[in-house]
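Participant: First, the structure itself, so that you have it in front of you.
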Amino acid sequence: MTSVTARLYGPGLPPAGQDVTLRIDGHALRIDAPQRVLPEQGVRLRRVGFDLKGLELAWDDAAGTHALQVLDGSAVENLTRALPATLQSAHSELTRSARKENSGRRLGWAVLGLFLAAPVILLALFLVFADPIAGWIAEQIPIEQERQLGEASFAQMKDDLKLRDDTEAARMLRELGARLTRGSRYTYAFHLADKPEINAFAMPGGIVVVHTGLIRATTRPEELAGVLAHEVQHVELRHSLKSIVKQLGLSALWMFATGDLGSGMAGSAATDLLTLKFSRDAEREADAHGLDTLIRSGIDPQGMPDFFRILAEKAGDAPAALLSTHPQSAEREAALREKLGALPAHSAQPLPWKPWPPVL
Amino acid sequence: MAMDVVDYEIFGNEMQYVEIELDPGEAAIGEAGAMMMMQQGIEMDTVFGDGSAQQGGLFGKLLGAGKRLLTGESLFTTVFHNEGNGKRRVAFAAPYPGKIVAVDLAELGGTLMCQKDSFLCAARGVSLGIAFQKKLGAGLFGGEGFIMQKLDGDGMAFVHAGGTLLVKDLAPGEVLRVDTGCVVAFQPSVDFDIQYVGKIKTALFGGEGLFFATLQGPGRVWLQSLPLSRLANRIVMAAPAAGGGGREEGSLLGGLGNILDGDR
């Protein structure tokens, strides 16, 4: 004989139910106050309660429908153990369907979670596979379009650059450039800009601009060749296109993943930091490939690390714009020297231009 | 912990407040900010968590407070206890137009599930908990979200509903279909779920959304006629500052009628 505290609802009772004690004695289920006897046949079992852990026994008689509910966990266990055989099978059926429902519910939650997490997952995937994705997309853009893009932005900047393309130094620059870009699929144009900052930059499609300030900072033509080889590799490796793709993808996915949260200061700082990381990766890649270009062109590659030595020394005082989105010059110098040390011996003729630096 | 048996009186019609009479030594807990007035002799204590029973240590308190955060209530509850000699009164006001529901938890079997954010005040000893909606559909489309508030104890508790209140007693197996968002509270014996409206045309143009909330008896349910969110929506829609331009009161002339109305 088992007694379980339960709550009874039905005709003749308060609508909010009444606490009762259910007595189970073999096959007989009865309640003493008020007097109720559950029929042997026709009792329906149902999971109830907000957490669906309770059990309801419902039955009909002449007065109407009665429902007996047990919500407390341990009481439910007691009741379950004491149920007569006829109800046991119904109960195990209920457990089976509850289990099925539970797994369905878990699946639903998983789908919902995945759906909510999708932007974050996409962002993470993008961060991991940014290089191949950007590379693939960049390859889909024809060189002709890339050239137009570069020319359009060059046309915009042209007036500010104070170009000095008719000088002896500019001719030298073009000669050196032609030597470094022999056999390239791009058509290059090298320009000399009369500006004091130590800087040089490449635009998509093969436009390379060198500041006079940079040439003044070099001590021999091989150092300038090192810088040019680096910029040429930015073009060859389509870094501008890739960085546009990466930035667009990153900001779009970032917005998607964080919504309003990511639009504040912290959000833009985070995307900026990532963009800078992409940029520094590109610089390292251009350094490494630039070194190979120098060797292929028969130019002494020592000029490249030598120039970074100069940059590193100047970093303290001169406004070296080249440094901002770039890795530390000293670090780049070390990486290049290491790479050079591992390479087999190579022959190089000194570059002919003397005196150095040329008249600017 | 024994419950404090309190006497109360509800004043007002559409914007109500409830006055609770405390015997010496008795106390009530209130949602922070809900107190309207209190008589001399009533002391106010702010406690971290729900202030119901002695929660075990710091961790228990933090847990209680965390639960309150989830239900959208403040981290602190305020306990009002009568330190005077005679009976003293403290009043709690409803935060928006509607009705205050006085619930005797003892009559309900000790537990009430209610809409989060609807708790107003209770006799000391009533504990505020949360319950997570396990049914995905009901959580997403039931209008009450995934978290509901659970009041446990056997004293009086007061929750607040928007608009006019409907109390309905459901017989075993009786099903009531309710517009989502209109459910304020129900006994845990009631099965809360959703049901697809059934016809695509109704779903799209019927204006009731894709789902009804369904309440299956046995047990008592409390419904509100005007969920706060609906009221807020209408106000924002009608506010010129929010670009609403106003819902007209049915003028045939439309925009021209506005000029004739002369209210702007």
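The values are calculated or read from the model by the stated rules, or taken from the named source; none is laboratory data. This one's a predicted model, so the numbers in the text were calculated from it and none came from an experiment. Every residue, glycine as well, gets a Cβ built from its backbone with ideal geometry; the counts of neighbours run over all protein chains shown.
Participant: Select, from A:L161, A:L228, A:L173, the only residue that is crowded, with 21+ Cβ neighbours inside 10 Å and more than 21 Å from A:R332 (Cα to Cα).
Facilitator: A:L173
Table: residues versus (1) farther than 22 Å from B:L223 by Cβ; (2) more than 9 Å from chain A (Cβ to nearest Cβ); (3) surrounded by 19 or more Cβ atoms within 10 Å (Cβ to Cβ).
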| position | (1), (2), (3) |
| --- | --- |
| B:M113 | no, no, yes |
| B:A122 | no, yes, yes |
| B:L140 | no, no, no |
| B:Q149 | no, yes, yes |
| B:G155 | yes, yes, yes |
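Participant: A further question on this structure: Where in the stretch B:68-156 are the strands (runs of 3 or more DSSP E), entirely inside, with at least 2 residues that are touching a Ser or Thr at 6+ places or on another chain (Cβ under 7 Å)?
Facilitator: By residue number, B:76-82, B:127-132, B:147-152.
Participant: With respect to B:D169, is the statement that it is buried (at least 16 other Cβ atoms within 10 Å of the Cβ), touching a residue at least 40 places away in the same chain (Cβ under 8 Å), farther than 22 Å from B:L136 by Cα and out of contact with any Pro (no Cβ under 9 Å at 6 or more places or on another chain) true? Talk me through it step by step, then tell me what you get.
Facilitator: On the way: buried (at least 16 other Cβ atoms within 10 Å of the Cβ): yes; touching a residue at least 40 places away in the same chain (Cβ under 8 Å): yes; farther than 22 Å from B:L136 by Cα: yes; out of contact with any Pro (no Cβ under 9 Å at 6 or more places or on another chain): no.
It is false that B:D169 is buried (at least 16 other Cβ atoms within 10 Å of the Cβ), touching a residue at least 40 places away in the same chain (Cβ under 8 Å), farther than 22 Å from B:L136 by Cα and out of contact with any Pro (no Cβ under 9 Å at 6 or more places or on another chain).
Participant: Find the residue count for the stretch A:191-220, including only residues that are of a type in the set (A, V, I, L, M) and part of a loop (DSSP other than H, G, I, E, B).
Facilitator: Residues in the stretch A:191-220 being of a type in the set (A, V, I, L, M) and part of a loop (DSSP other than H, G, I, E, B): 1 in total.
Participant: Return the only residue of A:V48, A:V4 being in contact with a strand residue (DSSP E or B) (Cβ under 8 Å, 6 or more places away or on another chain), β-branched (V, I, T) and away from chain B (no Cβ under 11 Å).
Facilitator: Just a single option satisfies the conditions, and that option is A:V4.
Participant: So A:L214 ticks every box in (1) out of contact with any Gly (no Cβ under 8 Å at 6 or more places or on another chain); (2) of a type outside the set (F, W, Y); (3) closer than 29 Å to A:I141 by Cα; (4) surrounded by 15 or more Cβ atoms within 10 Å (Cβ to Cβ) but one. Which box is left unticked?
Facilitator: Failed condition: (3).
Participant: Kindly list the number of the only condition in (1) away from every other protein chain (no Cβ under 11 Å); (2) out of contact with any Phe, Trp or Tyr (no Cβ under 8 Å at 6 or more places or on another chain); (3) farther than 28 Å from B:F141 by Cβ that fails for A:P14.
Facilitator: Against the list (1) away from every other protein chain (no Cβ under 11 Å); (2) out of contact with any Phe, Trp or Tyr (no Cβ under 8 Å at 6 or more places or on another chain); (3) farther than 28 Å from B:F141 by Cβ, A:P14 comes up short only on (1).
Participant: Any idea which of A:E101, A:E56, A:E93, A:E77 is of a type in the set (D, E), crowded, with 18+ Cβ neighbours inside 10 Å and either touching a Leu at 6+ places or on another chain (Cβ under 9 Å) or modelled with pLDDT of 90 or more (or both)?
Facilitator: Exactly one of A:E101, A:E56, A:E93, A:E77 is of a type in the set (D, E), crowded, with 18+ Cβ neighbours inside 10 Å and either touching a Leu at 6+ places or on another chain (Cβ under 9 Å) or modelled with pLDDT of 90 or more (or both), namely A:E56.
Participant: Right, here's the next one. Can you tell me which residue within the stretch B:98-111, out of those that are small (G, A, S) and under 16 Å from B:V6 (Cα atoms), is nearest to the other protein chains (Cβ to nearest Cβ)?
Facilitator: We begin by selecting, within the stretch B:98-111, every residue small (G, A, S); these are B:98, B:102, B:106, B:109-110.
Applying the additional criterion that residues be under 16 Å from B:V6 (Cα atoms) yields B:102, B:106.
Values: B:A102: 14, B:A106: 10 Å.
Result: B:A106.
Participant: Could you run through the stretch B:172-207 and say how many residues are within 14 Å of chain A (Cβ to nearest Cβ), β-branched (V, I, T) and in a loop (DSSP other than H, G, I, E, B)?
Facilitator: Of the residues in that region, 1 qualify.
Participant: Please give the number of the condition B:T111 fails out of (1) in contact with a Pro (Cβ under 7 Å, 6 or more places away or on another chain); (2) of a type in the set (V, I, T); (3) modelled with pLDDT under 90.
Facilitator: Just one mismatch for B:T111, condition (3).
Participant: To continue, here is another question. Being closer than 20 Å to B:G86 by Cα and either more than 17 Å from the chain's Cα centre (by Cα) or outside any strand (DSSP E or B) (or both) is the filter here; which residues of the stretch B:6-20 pass it?
Facilitator: Listed by number, the residues that qualify are B:V6, B:D7, B:Y8, B:E9, B:E19, B:I20.
This table checks each residue for (1) on the phi < 0 side of the Ramachandran plot; (2) modelled with pLDDT under 90.
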position: B:M38; (1), (2): yes, no
position: B:L58; (1), (2): yes, yes
position: B:G72; (1), (2): no, yes
position: B:N82; (1), (2): yes, no
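Participant: Does at least one position in the stretch A:32-40 carry a residue that is within 19 Å of B:L215 (Cβ to Cβ) and surrounded by 18 or more Cβ atoms within 10 Å (Cβ to Cβ)?
Facilitator: Taking the stretch A:32-40 as the starting set, the residues that turn out to be within 19 Å of B:L215 (Cβ to Cβ) are none.
No, the stretch A:32-40 has no match at all.
Participant: Then there's this: Would you check if A:R185 is in a loop (DSSP other than H, G, I, E, B), more than 14 Å from every other protein chain (Cβ to nearest Cβ) and surrounded by fewer than 17 Cβ atoms within 10 Å (Cβ to Cβ)?
Facilitator: Criteria met by A:R185.
Participant: Would you check which residues across the stretch B:199-215 are surrounded by fewer than 19 Cβ atoms within 10 Å (Cβ to Cβ) and at pLDDT 85 or above and list them?
Facilitator: If the condition is that a residue be surrounded by fewer than 19 Cβ atoms within 10 Å (Cβ to Cβ) and at pLDDT 85 or above, then B:T214 is the only one that fits.
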